[in-house]
Structure formats: C-alpha cells, structure tokens
1. Helix-only mean residue ellipticity at 222 nm, the chain, DSSP H runs n ≥ 4 weighted -39,500 (n - 2.57), per residue, nearest 500. What is it?
2. Points 7 angstrom from Cα along the Cβ direction at E274 and Y146: gap in nanometres?
3. Under a Cβ-only charge scheme (Lys and Arg +1, Asp and Glu -1), can you give me the dipole magnitude of the chain about the Cα centre, in debye to the nearest 20?
4. Counting other Cβ atoms within 10 Å of each Cβ, which trypsin sites (Lys or Arg not before Pro) in region 1-63 have at most 10 and sit in a DSSP loop?
5. Considering every pair of different Cα atoms, what Kirkwood radius, in Å, is found for the chain?
6. Defining a contact as two alpha carbons under 8 Å apart and six or more residues distant in sequence, what relative contact order in percent does the chain show?
7. Restricting to DSSP loop positions (anything but H, G, I, E, B) with no more than 12 other Cβ atoms inside 10 Å of their own Cβ, which trypsin sites (Lys or Arg not before Pro) remain in region 160-243?
8. Would you tally the net charge around A272, using a Cβ to Cβ cut-off of less than 10 Å, leaving A272 out, and scoring K and R as +1, D and E as -1?
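Computed from the coordinates by the stated procedures, all read-outs in this text should not be read as laboratory data. The model shown is predicted, which means the values in this text are computed figures rather than measured ones. Cβ atoms come from the backbone with ideal geometry, glycine included; neighbour counts cover every protein chain shown.
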Amino acid sequence: MKPPRFDYHAPATIDEAVALLGRYGGDAKVLAGGQSLVPLLNFRLTRPAALIDVNRIAPLAYVREDNGTVAFGAMTRQRTIEFSPVVARRLPLLAEATRGTIGGSLAHADPSAEYPAVLTALDGEVVAQSSRGRRTLRADTLFETYLTTRLAADELLVEVRLPAMPAGSGYAFEEFARRHGDFAIIGVAAMVVRDGARCVTARLATAGAGPVPLRLREAEAMLERDGLGEPAIEAAAARAAELVTPDGDVHATAEYRRHLTGVLTARALRRAVERAR
Ligand SMILES: Cc1cc2nc3c(=O)[nH]c(=O)nc-3n(C[C@H](O)[C@H](O)[C@H](O)COP(=O)(O)OP(=O)(O)OC[C@H]3O[C@@H](n4cnc5c(N)ncnc54)[C@H](O)[C@@H]3O)c2cc1C
C-alpha cells in the first residue's frame, strides 16, 4: 500500500526540528531509521500531517563517556553501538542487544525490543527536548504501555544516558524467538557484580513479558541476599516467572511466556555469572 500524504521536512538543527514539532502541535512524526515508521505509514496505521526527518542533524549521533555515564545521541545507529569500543568496555550488555537506532527503538517502545529492556535493567534515562526546554525521563517512567511512551507528541528524544557498568560485572541478554532475526517472544537482560560467592548487585529486566519492560526486583533481591550459586539462581528464576503477567497472543500463550521468563532468567544469570570476574 502507499502511505497517506504528508508534509516532509528535513531540518538541519535540533532547534529547527523542535520548532517544527511544536508548529504541528502533535500531528507530526519524527523519522529516524524509518524501520518501524515506514511500514506503519504504508499500512496506514499512522497518518501524521508531517514527517520531521532528523537524519541530517549530525549533532544527534555520538557516543560519549563522561563521569561514569555513557551518553548516546538519539540518532546513533545500532551498528555504531555494536562496534563502539566505549560500549564494549563500559556497557557490554548493550552490545548484546543489537537492533534498531537507539532513539527510534526507545521512542517506538515495542515491548519485545531489546534496548528498552537494557535501559530498564541499567536504570538509564533519556533526554527529551521541545520548545518548552529539556527534561529527563528515567526508564521506569518513560514506558507507559504497548508502543507508547510518556514523551509528548512535540518532544524530540535527543539523548540516551546509561550508567557505565561496574568493572568486572557479568552480563547476558538471553532471548527466545521462533526464527532467527524475529522479535523475541521473551528476552531477559541480566547484569551481576560479584565479590567471590557474594552478589553485590543483580539487575534483571524482561522484554516481551508485558506491555513494558519489567525490572524483576524481587528476584534481584534474592540473589543479593543468597549469592550466585546454582540454588540461588534457580530460586530467583522461579520467582522471576511468578513476577511477570504476560499476555498471550498468536506467537505464544501467556503461560508459555511465563515459563520462558523463568528458563531465560536462569540461562542469563548463569552466563552473566560465568563472565563476572
Ligand atoms: C522486521 C523487523 C524486525 C525487527 N526486529 C527487532 C528485534 O528483533 N529487536 C528489536 O529490538 N527491534 C527490532 N525491530 C525494531 C527496529 O529495530 C525498530 O524499527 C527500531 O528500533 C526503530 O528505530 P528507527 O530508528 O527505525 O525508528 P523509526 O521507524 O524512524 O521510528 C519509530 C517511531 O519512533 C519515533 N521516533 C524515532 N526517533 C525519535 C526521536 N529521536 N524522538 C522522538 N520520536 C522518535 C518515530 O516518530 C516513530 O513513531 C525490528 C523491526 C522490523 C521492521
């Protein structure tokens, strides 16, 4: 199908893009990588009055490390992130999750996508800009429900900030998909910091187990209390399966998703513990 008619703008600066978003009063869409937006337009599932193409705004693409935080311009490509030495050194969990541009993936908020789960696991935040100024939204407030964030319609997501992972932390992103390259039915992001058998920090977040990524805080607390041995991992994984309330759909029943959450939590934790020094 052909997309509906829309105005097209390709601003050269962030200020211009934000002014255009304000001018259309919520009836314009930002075009980033176009991977999700273009199919939505072609199927006429979205009918914006205008597209604001931000691909020419060079200052929106960067990876910068500053004071223990790694900041990404919203237009940083997934390929850049995959091969970034800063990401490999300071945020290896993000390099395990490799689809989409970072700003587009977070603004699109597909519940099965990987970057939203990593933002949630690592307590990241995004910076949004509009004609009213800039504000910061933490991962736990950014995602509202399926494909919906708390970004206002006239806000441009400009930066993504993730605290660098502690040196020596172990990490893994485990996913189950029916075919290679498909969106995961369930994904689990894990990070652990260990001190011998003791678990100093555990982070667990899901993809695909509900309308938004979910931090499995009670399972994390069990590991921080009981350590990283196999019995603790199994108990935390069992708790993880209880903590999620997934929906069923054509791809998997709710019960199967719950079961997978437990299996993948255990798998992610075992791999993370192996990697932790
Ligand atoms: C067949 C297919 C398979 C996929 N598989 C996976 C997968 O396995 N895992 C995974 O994580 N992802 C997957 N994706 C998702 C894909 O990576 C997303 O399309 C991508 O994450 C969206 O990024 P984009 O830059 O293409 O955004 P676009 O498609 O350009 O935009 C998506 C939405 O976000 C908004 N937006 C984009 N950037 C901004 C911004 N800076 N500020 C405000 N709003 C903005 C747009 O207006 C639009 O509403 C898949 C997509 C497809 C089509």
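1. Details: 11 runs with 97 residues, N = 277.
About -10000 deg cm²/dmol.
2. 3.6 nm
3. Working: 35 positive and 33 negative charges, 87 e Å.
The calculation lands at about 420 debye.
4. On the way: sites: R5, R23, K29, R44, R56; in loops: R5, R44, R56.
Here the sparse-neighbourhood loop sites are R5.
5. Details: mean 1/r = 0.0519 Å⁻¹.
Final number for the Kirkwood radius of the chain is 19.3 Å.
6. 16 percent
7. Numbers: sites: R161, R178, R179, R194, R198, R203, R215, R217, R225, R239; in loops: R178, R179.
Answer in residue order: R178, R179.
8. Values: positive: R194, R203, R267, R270, R271, R275; negative: E174, E274.
Result for the neighbourhood of A272: +4.
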